[in-house]
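Below: one structure, written as structure tokens.
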Amino acid sequence: MARDDRDSDDRDSDDRNSDDRNSDDRDGRDRNGSDQEGETTGRDAFLAILRAKRAAVAHAGKRLRRRDGALTLVSVIASAVAAALTAGPALGGPALTRALGSAGPDTPSWRILCGVASICSLLAAVAASLHRQQEVSTRLARCQTGAARLEALELRVALKQSALAEATGEYGRIIAELPFVTGP
């Protein structure tokens with residue numbers, strides 16, 4: 001009988017240990033005592049921040065692409081118009097200027113053409129200077145690289161292939177390279 005009592009006590013003890021393990025799983029803790037639910041909540045919060053930053057980077061990239069295209073287009077078109085306006089009198093000579101007529105008795109047409117060409121040349125120079133000064137191409141490249149790195153980081157975090165502490169460190173390094181991106 002004593003043996004039966006011990007077997008019964010061992011089974012009761014095993015049942016209690018099993019219940020403890022099951023309650024740990026229900027509490028969100030694993031056998032090592034780490035808080036799975038807290039990590040999941042932290043991971044979800046970090047993913048939300050990551051997605052918001054990705055959206056901000058995408059928006060900045062879109063603005064930079066528009067600015068890059070506009071400044072480049074203005075520079076190219078204004079340069080071409082300036083070249084065409086100055087080439088006309090040079091190639092056509094006095095016959096072309098007589099054919100164009102004049103704006104008044106003291107204003108030959110070549111002066112008008114050269115004035116408009118100067119304005120176009122100035123526009124081209126200002127557009128090219130703004131493009132360089134604002135480092136549009138460099139910022140656009142950094143934005144595209146940052147967007148790709150943030151996307152890869154989001155994927156690793158979502159698939160739990162990266163520890164949260166490691167991921168936040170990498171996130172900090174990525175956004176440090178994008179100081180011109182505003183937003184979350």
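The values are calculated or read from the model by the stated rules, or taken from the named source; none is laboratory data. What you see is a predicted model, and the numbers here were worked out from it, not measured in a lab. Cβ placement follows ideal geometry from the backbone for every residue including glycine, while neighbour counts extend to all protein chains displayed.
Filtered by the rule that a residue be basic (K, R) and either surrounded by 14 or more Cβ atoms within 10 Å (Cβ to Cβ) or touching a Ser or Thr at 6+ places or on another chain (Cβ under 8 Å) (or both), segment 52-62 gives K53, R54.
Looking at R111, R156, just one residue is surrounded by 13 or more Cβ atoms within 10 Å (Cβ to Cβ), more than 25 Å from L85 (Cβ to Cβ) and free of Cβ contacts under 8 Å to residues at least 40 places away in the same chain, and that residue is R156.
Considered as a group, the residues in segment 164-179 that are charged (D, E, K, R) and part of a helix (DSSP H, G or I) include one that is surrounded by the fewest Cβ atoms within 10 Å (Cβ to Cβ), and that residue is R173. Of the residues R139, R149, R98, the single one that is among the basic types (K, R) and without any contact (Cβ under 8 Å) to a residue 12 or more places away in the chain is R98. Residue check: L96 meets all listed conditions (1) at pLDDT below 90; (2) of a type outside the set (G, A, S); (3) within 30 Å of G61 (Cα to Cα) but one, namely (3). None of L71, L47 is more than 17 Å from R142 (Cα to Cα) and either surrounded by fewer than 17 Cβ atoms within 10 Å (Cβ to Cβ) or in contact with a Pro (Cβ under 7 Å, 6 or more places away or on another chain) (or both) except L47. Screening V136 against (1) under 28 Å from the mean Cα position of the chain (by Cα); (2) modelled with pLDDT of 95 or more; (3) surrounded by 15 or more Cβ atoms within 10 Å (Cβ to Cβ) leaves a single unmet condition, (2).
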